[in-house]
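To start, the structure itself, in structure tokens.
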């Protein structure tokens with residue numbers, strides 16, 4: 001999932017249909033962590049309906065296991081700087097069987113939104 005910055009920016013301009021065709025989870029967040037979009041791959045990975053996730057805070061309501069320095073802290077720091085591109089391993093374990101994944105956090109300057117890309121390892 002080592003996309004170039006140009007490729008990551010291009011994802012930010014995709015339609016919901018195009019996002020749903022991606023082979024990995026893609027979650028678009030605003031600067032406060034509110035979920036703006038939640039693609040089909042992420043829905044399949046977590047078993048959550050996008051309609052029940054969109055509009056909720058990712059770090060406190062959707063995946064509170066991510067509300068730690070290594071995840072939410074990176075997000076907040078990157079958003080405050082307007083510069084975020086981090087790739088790291090993570091284990092999701094909130095309301096689901098534990099899953100080891102690789103996470104990419106990215107701040108899109110073009111759209112002023114953040115992305116959480118999730119790929120199972």
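Every number here is computed from the coordinates shown, using simple stated rules; none is lab data. Keep in mind that what you see is a predicted model, and the values were worked out from it rather than measured. Here Cβ is always computed from backbone atoms with ideal geometry, including for glycine, and neighbour counts include all displayed protein chains.
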Task: Globularity index of the range 33-89, i.e. its alpha-carbon radius of gyration over 2.2 N^0.38 Å - done: 1.17
Task: Descending semi-axes in whole angstrom, ellipsoid equivalent of the chain, from the Cα gyration tensor - done: 19, 17, 14
- [ ] Using a/c under 1.5 as the rounded threshold, could you call the range 57-121 rounded, prolate or oblate? The axes a ≥ b ≥ c are square roots of the C-alpha gyration tensor eigenvalues, and prolate needs a/b larger than b/c, oblate otherwise.
- [x] prolate
- [ ] Evaluate the distance, in nm, between pseudo-label points positioned 7 Å from the Cα of residue 8 and of residue 61 along their respective Cα→Cβ axes.
- [x] 2.6
- [ ] Run the numbers on the chain and let me know its relative contact order in percent, using alpha-carbon pairs under 8 Å that are six or more apart.
- [x] 25
TODO: Pick out which of 58, 92, 75 has the largest mean-square fluctuation in a Gaussian network model of the chain, springs linking Cα atoms closer than 10 Å.
DONE: 92
